[in-house]
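Engineer: Here it is, the structure in full.
What follows draws every value from the coordinates through simple rules; no lab data is involved. This one's a predicted model, so the numbers in the text were calculated from it and none came from an experiment. As a convention, Cβ positions derive from the backbone with ideal geometry for all residues, glycine included, and neighbour counts pool all protein chains shown.
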Amino acid sequence: MNPALEQLSKEELLTLFQEREQAFQQQQASLHQQEVLLQQKDQTIQEQASAIEKQEATITQKQEQVELLQWQVDQLKRMAFGQKRERFEADSQQLPLPFESTPQQAQQQEQELVEKIEYVRKKQNSSAHKGRVPLPDHLEVEEVEIYPEGDLSQMQCIGKEVTEELECVPAKLFIRRYIRYKYTPKNKEGVVIGELPERIIDKGIPGPGLLASILVDKYVDHLPLYRQRQRFLRENIPIAASTLDGWCKTALEKLQILYDHLVEDTKSKGYLQADETPIKVLDKDKKGSTHQGYYWVYNSPIDNAVLFDYQPTRGASGPDKILSHFKGYLQTDGYKVYEKIGRQKDVVHLACWAHARREFEKALDNDKARASMALLYIQQLYAVEARAREEKLTLEQRKVLRLEKSLSVLNELGKWISKEVKTTLPKSPIGKAMRYSQQRWDALSAYLYDGMLEIDNNLVENAIRPVALGRKNYLFAGSHQAAQRAAMIYSFFAICKKHEVNPYQWLKHSLENIMSINHKNIRNLYPQNFSVQNC
């Protein structure tokens, strides 16, 4: 014990002990306070770190949004000012290679991908130009003979030079006047008179040729009726706009029986391609605005038949009229209504590689490496289709070629997408493109089942294009009934185009015979069964 402490009294020792105990407690309190401060600092640091992480996540999200918005702006600029073709050309110096591949595999893959995978477009040699294409023989020829000036009596003709030019006379309007003579027997009562030929509009003035011309001008050449009326006025023929509209309505109603047969025939097809396109329609229940209706379009690649069907909705009930009891192959885009029908019994759903390719083409600005890789694979699939067309293979031969060439490409592409999709953002353009194909892989591969099946839905999209051009001119249909009547004539004109039939000649012939033909032979009036000899 410390000697100094031994000299202290009891009271002094107690006081000293209390002082030291108090100092110890103060020291403990100070240590506790420091510990609390350290904990607060740690908590503050953690909160700051969490805030930084949130800010970094927000920044990353904003950057993704900026990239997506910039991509959308680029797409809109392209739609407005850029080329519309979905053309892709491989860059041989920047070809993306599969990840984790051996050097030998990489070299082999590069050699395969460097090859240009696109349709062969043969360029004509300018020196081999065959000259001007001769004018067709079926045109009427008006000869104008031109002799040298002066006295030719003492001269001998040694030849002639012929120069041809293509000239045009505006459409000729004329009056066909039927004069029917009446007779009565000399010794009997009664009167006989020559019968009028069949007329489209009873007691009306338009003939079948005029009606056919008006309808072709509107639905093929996209010339609205009010512009056609201006042409009549230039010829001093005042025809009211309501009269023109009534003529078109009556003429189209005459084709209803032929259209009904086309509907029933379309329902029985075993392979259809389907798509839809909007059309604005005036609706008396919607004052100040138009109703958004839809043409549901069906194409039969086997016999090149097309059917337009108007429905006021794009919902699930839209295709019910044609596809409610459909059995066979149905090829469409990724619209959910079609996918629901594709899951029905006896229906094999085929997807469209053109739509899948379009998604990857849009993603080029977002992830050029992976989008280019996918497009290269898809180009190989289309190269097989081009080869089949060039070699004019039969359906069975085309199926064999696809199994030999396309199947392996599909397998490689499917494995590659399954691997790469895991490292893509779901909402990014490349992520959407990969998931679009992955979710429809079975439907995208189903075209290998039969040689008659097409790789894409382009045939039905081509049939829709005239509607897109037409609605820019006439803007809307006057009613739901008018939209359906337009669907009828769009159907027949689309078939005319596919079978290279003159739409005016076909329509004039059909209007002249639709009322008198035997109902058993009504299908003879289909455009695909028409020939110029019928006229």
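Engineer: Mind checking which aspartates and glutamates have their Cα closer than 15 Å to the Cα of Lys427? Skip sequence neighbours fewer than 8 apart in that chain.
Structural biologist: Within the straight-line cut-off, Lys427 pairs with Glu64, Glu67, Glu359, Asp365, Asp367.
Engineer: Follow-up. Whole angstrom only: what separates the Cα centroid of the range 407-436 from the Cα centroid of the range 199-262?
Structural biologist: Going from one Cα centre to the other spans 52 Å.
Engineer: How much length is gained on full extension from Ala23 to Arg389, taking 0.36 nm per residue of separation minus their Cα-Cα distance?
Structural biologist: On the way: separation 366, 0.36 × 366 = 131.76 nm, distance 10.06 nm.
Value of the extension gain: 121.7 nm.
Engineer: Using θ = phi - 60° and the Karplus form 6.51 cos²θ - 1.76 cosθ + 1.60, what ³J(HN,Hα) does each residue of the range 485-498 get, whole Hz, x for Gly and Pro?
Structural biologist: 5, 5, 4, 4, 6, 4, 4, 5, 5, 5, 5, 4, 5, 5
Engineer: Related question: Put a dot 7 Å past each Cα toward the Cβ at Ile522 and Gln63; how far apart are the dots in nm?
Structural biologist: Going from the Gln63 label point to the Ile522 one covers 6.7 nm.
Engineer: Give the residue list of GluC sites (Glu not before Pro) in the range 391-473 that are DSSP loop and have at most 13 other beta-carbon atoms within 10 angstrom.
Structural biologist: The qualifying sites are Glu391.
Engineer: Points 7 angstrom from Cα along the Cβ direction at Gln481 and Ala240: gap in nanometres?
Structural biologist: With each label placed 7 Å out from Cα toward Cβ, I get 1.8 nm.
Engineer: For the range 404-473, which trypsin sites (Lys or Arg not before Pro) pass both filters: DSSP loop (anything but H, G, I, E, B) and at most 15 other C-beta atoms within 10 Å?
Structural biologist: On the way: sites: Lys405, Lys415, Lys419, Lys422, Lys427, Lys432, Arg435, Arg440, Arg471, Lys472; in loops: Lys427, Arg440.
Listed in order of number, the matching sites are Lys427.
Engineer: Projected onto the charge dipole of the chain (+1 at Lys/Arg Cβ, -1 at Asp/Glu Cβ, origin at the Cα centre), which of Thr184, Gln344, Ile322 gives the Cα projection farthest towards the positive end?
Structural biologist: Farthest towards the positive end: Thr184.
Engineer: Trypsin sites (Lys or Arg not before Pro), restricted to the range 221-286: which are DSSP loop and have at most 12 other Cβ atoms within 10 Å? Please report the intermediate quantities before stating the final value.
Structural biologist: Working: sites: Arg227, Arg229, Arg231, Arg234, Lys249, Lys254, Lys267, Lys269, Lys280, Lys284, Lys286; in loops: Lys269, Lys284, Lys286.
Here the trypsin sites (Lys or Arg not before Pro) that fit, given the DSSP loop and packing criteria, are Lys284, Lys286.
Engineer: Given 0.36 nm per residue, what is the gain on full extension from Arg358 to Glu165 after removing their alpha carbon distance, in nm?
Structural biologist: 65.0 nm
Engineer: Which ³J(HN,Hα) values in Hz, rounded to whole numbers, follow from the phi angles of the range 388-396 under the Karplus curve 6.51 cos²θ - 1.76 cosθ + 1.60, where θ = phi - 60° and Gly and Pro get x?
Structural biologist: Values per residue, Gly and Pro as x: 4, 5, 5, 8, 6, 6, 6, 4, 5 Hz.
Engineer: Among bridges DSSP assigns within the chain, what percent are antiparallel (round to 5)? Let's see the in-between values first.
Structural biologist: Working: 19 of 27 bridges.
Roughly 70 percent of the beta bridges in the chain run antiparallel, per DSSP.
Engineer: Taking a threshold of 26 Å on the Cα-Cα distance, which of the pairs Lys269/Lys340; Lys62/Lys340; Lys269/Lys336; Lys327/Lys392 fall above it?
Structural biologist: Numbers: Lys269/Lys340 19 Å; Lys62/Lys340 36 Å; Lys269/Lys336 22 Å; Lys327/Lys392 29 Å.
The pairs that break the limit, which is 26 Å between Cα atoms, are Lys62/Lys340; Lys327/Lys392.
Engineer: While we're here: Sequence-distant or interchain residues sharing an amide H contact under 5 Å with Val348, placed H: which?
Structural biologist: When sequence neighbours closer than 5 places are left aside, the close amide H contacts are Gly328, Tyr329, Leu330.
Engineer: Return the long-range amide H neighbours of Glu276 (sequence gap of 5 or more, or a different chain), with a cut-off of under 5 Å between placed amide H atoms.
Structural biologist: Here the answer is Val297, since their amide H atoms fall under 5 Å of that of Glu276.
Engineer: In what order do Tyr382, Tyr298 fall by count of nearby beta-carbon atoms within 10 Å, going from fewest to most?
Structural biologist: So the ranking, lowest neighbour count to highest, is Tyr382, Tyr298.
Engineer: Sticking with this one: On a 18 Å Cα-Cα criterion, which of the cross-link pairs Lys172/Lys497; Lys368/Lys432; Lys218/Lys472; Lys54/Lys368; Lys249/Lys287 come out too long?
Structural biologist: Pairs exceeding 18 Å: Lys172/Lys497; Lys54/Lys368; Lys249/Lys287.
Engineer: Return the label of the correct value of log10 I(q)/I(0) by the Debye sum over Cα atoms at q = 0.07, 0.08, 0.13 Å⁻¹, as calculated from the structure shown, out of (1) -0.63, -0.73, -1.25; (2) -0.43, -0.56, -1.31; (3) -0.64, -0.78, -1.39.
Structural biologist: Given (1) -0.63, -0.73, -1.25; (2) -0.43, -0.56, -1.31; (3) -0.64, -0.78, -1.39, the structure-derived one carries the label (3).
Engineer: Helix 10-81: angle to the longest alpha-carbon principal axis of the chain, degrees 0 to 90, nearest 10?
Structural biologist: 10
Engineer: Also: Under 5 Å between amide hydrogens, which residues at least 5 positions from His291 or on another chain qualify, with H placed 1.01 Å from N in the peptide plane?
Structural biologist: Val281, Leu282, Asp283
Engineer: Calculate the length of the line joining the C-alpha centroid of the range 21-51 to that of the range 312-374, in whole Å.
Structural biologist: The range 21-51 and the range 312-374 have Cα centres separated by 64 Å.
Engineer: Tell me which aspartates and glutamates have Cα within less than 17 Å of Lys345's Cα, excluding those fewer than 8 residues away on the same chain?
Structural biologist: Once the sequence-local aspartates and glutamates are set aside, what remains near Lys345 is Asp320, Asp442.
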